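Undergrad: Structure incoming, see below.
The values are calculated or read from the model by the stated rules, or taken from the named source; none is laboratory data. No experiment lies behind these values; they were computed from the predicted model shown. Cβ placement follows ideal geometry from the backbone for every residue including glycine, while neighbour counts extend to all protein chains displayed.
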Amino acid sequence: MHKSRLLRPRNLALAFVAVAILMVASALIELYNSKRELTSLMESQSKSLLRTLLIASENTLQANETLENQLYERLLNNANIIRYLYEQKTLDNAFLESFADENTIFRINIFDKQGEKLYRSHAPLHLELPENNSPAAILQPIFRGLLDTMFIGMKESRYETGLRFAVALAAKDSSAIVLNLDAARILEFRRRIGFGTLLRSIIRNPGIVYAALQDSSGIIAASGNVRRLENVQGSEFLHTALDDTVFASRITTFDTLEVFETVYPFYYQGLEVGLFRLGLSLSPLKAINTRIYRRITIITVILFGIGFIVFATILMWQNYKTIEEEYQVVETYSNSIIHSVSDAIIVFNEQEGITLFNNAAEELFEKSPGNVLSESLETILNKDQCAAIFNARQRVTDIDCIINGRKRNLLVSRAGFTDEKGQGNRILVIRDITRQKQLEEQIQRKERLSAMGELASGIAHEIRNPLNAIGTIVQQLNKDFEPRADTDEYDNLTKLVYQEVRRINKTVQDFLEFARPQPIEPAWFNAREFFQNIKLEHKAILREQDIDFTLSLGWTGEVRWDKNQMQQVFMNLVRNAVHAIQEGGQIGITTEERNENTLVITVRDDGEGISAQTVPKIFNLYFTTKSDGTGVGLSIVQRIVYEHGGNIEVSSKVGYGTTFTIVMPKSVPAEVNRTEG
């Protein structure tokens, strides 16, 4: 009878209702937990995306700032040359036109203090067009003597459409020298690396609805699908996030679409730029909601069948897999961004070592993730370099390091965050600026050579002719005139004057050789015979000073260089090594092939070495540590190597010797097969 009561319809209905309520309640609880977990996951991933975006944005601003500073320095250097020639009254319009063409300057103008042109680098154009701006107004601070230098920056063209990048320099009589660059390429560079491009690249990732940088006045930059966003001042949520400098998240509406939004303020060099806003699609969350509601309906139906338990279990398993897949998708978003950027990104902490090592880092350090993950940061950077990065007051640090035997200049930006485990993580964003620095040095050198070349002829004429006259007169006096007393002293003084005249004449000759070099005349010859001849030419002095000279020629093929000029390079280096050793030591020259087009040559000695303070100066003109040196030899060495399309570096330690490393093309490139300036 007890069993019959349990099987009554009422009891069965109550059982079904109880089971239904239990299953529905279970589904609702699971819905709540799933939403909470996915929301937490989206918040974590969106924060990671925002951190990466903040770092990339800071690098973008630094790149723009660096470009403008370099352009400003370049124009200012050229303006100083023009001012000197103008004040010496040695220039005209034709010279300015040639100078502007050689130095890739769009316009060079010299205005008197009334704003009228005295000289120009181009023929008069557009005289019939109205002025967009007046030089007399723009250059007032110089005309009135208030400023010596004006960084005008971007300005509208005087007659044409478009922008110019300009600087001005005061000259005598309150006149002004103005140099202009066409700003089109600068603006194109800004466009390619600017916020807009960065945000548009981010929005290509599926699951990201929008990305924008906004301040209290409006949108600064945004992805292409953003036309209007909620005003910062009108939103307590946005205003609080901006004032408190915290990550904040919420679910909001964007163009009728519900999104998960994360925001964080962006500061550059201590100044508030605006608020970054990142909106992620809630489609994964809505998809889970839809699946859960569908499951409730299905459970209600299958309660009348025995298979509802199995079906519910399968549905839960599918739901778990869906959440796991969605997690993988969201995680892939951030990984895709990190591994696609051109800068090396390294994330590490004290407990787990290196946890992230992106593709750019692999290429830079030539190490695979398997060799560095879970290892200390000192696996790729030594203690001194790590200290220089983390002890610097600025977040961005410029360091030099040796990677696989090659010197690299690295620009390192550091940041940090705390993960969900409470562990403090550090982020390093590293950019290889080695090539940029080499190009900057070569550009600066060419500019200096150009200026010196213009002065070389005048110096030779103005100094050598009087020197020759003085020398001739002194010799003639010594022959024709005999003093009544102190004959020996008179004879010594005339000889001393003549020796000093010859010394000054030699200095002028060295300067002319450096400033107005001979054109490169490349020809094919054998590298082995070339270096053997270098050794043979120094055989006597090497034997005299008991110096062991060794050749380790790992590559001995044909090269196409200017043989005489390259012979001058290695003779200078060997003589410097002999001078550093003085007596009893070793000199070695090695060659090895880096690739099919490039040769690496080292000249080593175990002499007294060079101090760390002196190394950066040794290629400077007239810098020397020798009592009888002129300071021209190594400058000529560097110039010849650069003109052959190569590069020369020096490493040294006091008491251990010096090594010069020359990286040369086997054949002189066509674009450098001539001498500039």
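Undergrad: Which pairs turn up if I take residues in the stretch 80-95 that are of a type in the set (Lys, Arg) and look for partners that are exposed (fewer than 14 other Cβ atoms within 10 Å of the Cβ) with beta carbon separation below 9 Å, at least 6 apart in sequence or on another chain?
TA: Arg83/Lys172
Undergrad: Is it the case that the stretch 305-328 has a residue that's in contact with a Lys or Arg (Cβ under 6 Å, 6 or more places away or on another chain) and either in the same structural domain as Gly422 (by TED's automatic domain parsing) or modelled with pLDDT of 75 or more (or both)?
TA: no
For every residue, the table says whether it meets (1) farther than 21 Å from Phe570 by Cα; (2) of a type in the set (Asp, Glu); (3) at pLDDT 70 or above; (4) assigned to a helix (DSSP H, G or I).
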position: Ala485; (1), (2), (3), (4): yes, no, no, no
position: Thr494; (1), (2), (3), (4): yes, no, yes, yes
position: Arg502; (1), (2), (3), (4): yes, no, yes, yes
position: Phe511; (1), (2), (3), (4): no, no, no, yes
position: Phe525; (1), (2), (3), (4): no, no, yes, no
position: Phe530; (1), (2), (3), (4): no, no, yes, yes
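Undergrad: Let me ask you something else. Just give me the residues in the stretch 398-422 being modelled with pLDDT of 80 or more and among the polar types (S, T, N, Q), in sequence order.
TA: If the condition is that a residue be modelled with pLDDT of 80 or more and among the polar types (S, T, N, Q), then Ser413, Thr418 are the ones that fit.
Undergrad: Quick one: how many residues across the stretch 383-428 are surrounded by 12 or more Cβ atoms within 10 Å (Cβ to Cβ), out of contact with any strand residue (DSSP E or B) (no Cβ under 8 Å at 6 or more places or on another chain) and either assigned to a strand (DSSP E or B) or in contact (Cβ under 8 Å) with a residue 40 or more places away in the chain (or both)?
TA: 2
Undergrad: Anything in the stretch 64-91 that is in contact with an Asp or Glu (Cβ under 9 Å, 6 or more places away or on another chain) and in a helix (DSSP H, G or I)? List them, or say none.
TA: Here is the first cut: in the stretch 64-91, the residues in contact with an Asp or Glu (Cβ under 9 Å, 6 or more places away or on another chain) are 70, 74, 77-78, 81, 85, 90.
Those that are in contact with an Asp or Glu (Cβ under 9 Å, 6 or more places away or on another chain) and in a helix (DSSP H, G or I): Gln70, Arg74, Asn77, Asn78, Ile81, Leu85.
Undergrad: On to the next question. Please give the number of the condition Arg107 fails out of (1) touching an Asp or Glu at 6+ places or on another chain (Cβ under 9 Å); (2) of a type outside the set (Ser, Thr, Tyr); (3) modelled with pLDDT under 80.
TA: Evaluating Arg107 over (1) touching an Asp or Glu at 6+ places or on another chain (Cβ under 9 Å); (2) of a type outside the set (Ser, Thr, Tyr); (3) modelled with pLDDT under 80 leaves (3) as the failure.
Undergrad: When you scan the stretch 330-341, do you find a residue that is among the β-branched types (Val, Ile, Thr), within 27 Å of Ala63 (Cα to Cα) and at pLDDT 80 or above, even just one? It would help to see each step written out before you state the result.
TA: Going residue by residue through the stretch 330-341, those that are among the β-branched types (Val, Ile, Thr) are 330, 332, 337-338, 341.
Okay, now just the ones that are also within 27 Å of Ala63 (Cα to Cα), so 337-338, 341.
Then drop every residue that is not at pLDDT 80 or above, which leaves none.
No: the stretch 330-341 contains no residue that is among the β-branched types (Val, Ile, Thr), within 27 Å of Ala63 (Cα to Cα) and at pLDDT 80 or above.
Undergrad: What do you reckon, is Leu85 of a type in the set (A, V, I, L, M, F, W, C) and either modelled with pLDDT of 85 or more or farther than 30 Å from Gln269 by Cβ (or both)? Step through it out loud before you land on a result.
TA: Working: of a type in the set (A, V, I, L, M, F, W, C): yes; either modelled with pLDDT of 85 or more or farther than 30 Å from Gln269 by Cβ (or both): yes.
Considered against the rule, which asks whether it is of a type in the set (A, V, I, L, M, F, W, C) and either modelled with pLDDT of 85 or more or farther than 30 Å from Gln269 by Cβ (or both), Leu85 comes out as yes.
Undergrad: State the number of residues belonging to the stretch 153-167 that are over 27 Å from the mean Cα position of the chain (by Cα) and surrounded by 15 or more Cβ atoms within 10 Å (Cβ to Cβ).
TA: Here is the first cut: in the stretch 153-167, the ones over 27 Å from the mean Cα position of the chain (by Cα) are 156-162.
Then keep just the ones that are surrounded by 15 or more Cβ atoms within 10 Å (Cβ to Cβ); that gives 157-158.
Total satisfying the criteria: 2.
Undergrad: Return only the number of the condition from (1) surrounded by 13 or more Cβ atoms within 10 Å (Cβ to Cβ); (2) modelled with pLDDT under 75 that Val246 does not satisfy.
TA: (1)
Undergrad: Moving to a separate point now. Would you check which residues across the stretch 203-254 are acidic (Asp, Glu) and either in contact (Cβ under 8 Å) with a residue 24 or more places away in the chain or outside any loop (DSSP other than H, G, I, E, B) (or both) and list them?
TA: Our first condition is that a residue be acidic (Asp, Glu); within the stretch 203-254, this holds for 215, 230, 236, 243-244.
Passing the criteria: Asp215, Glu236, Asp243, Asp244.
Undergrad: Hey, any hits in the stretch 183-197 for a residue that's at pLDDT 85 or above and out of contact with any His (no Cβ under 8 Å at 6 or more places or on another chain)?
TA: In the first step, residues of the stretch 183-197 are kept if they are at pLDDT 85 or above; the result is none.
There is no residue in the stretch 183-197 that is at pLDDT 85 or above and out of contact with any His (no Cβ under 8 Å at 6 or more places or on another chain).
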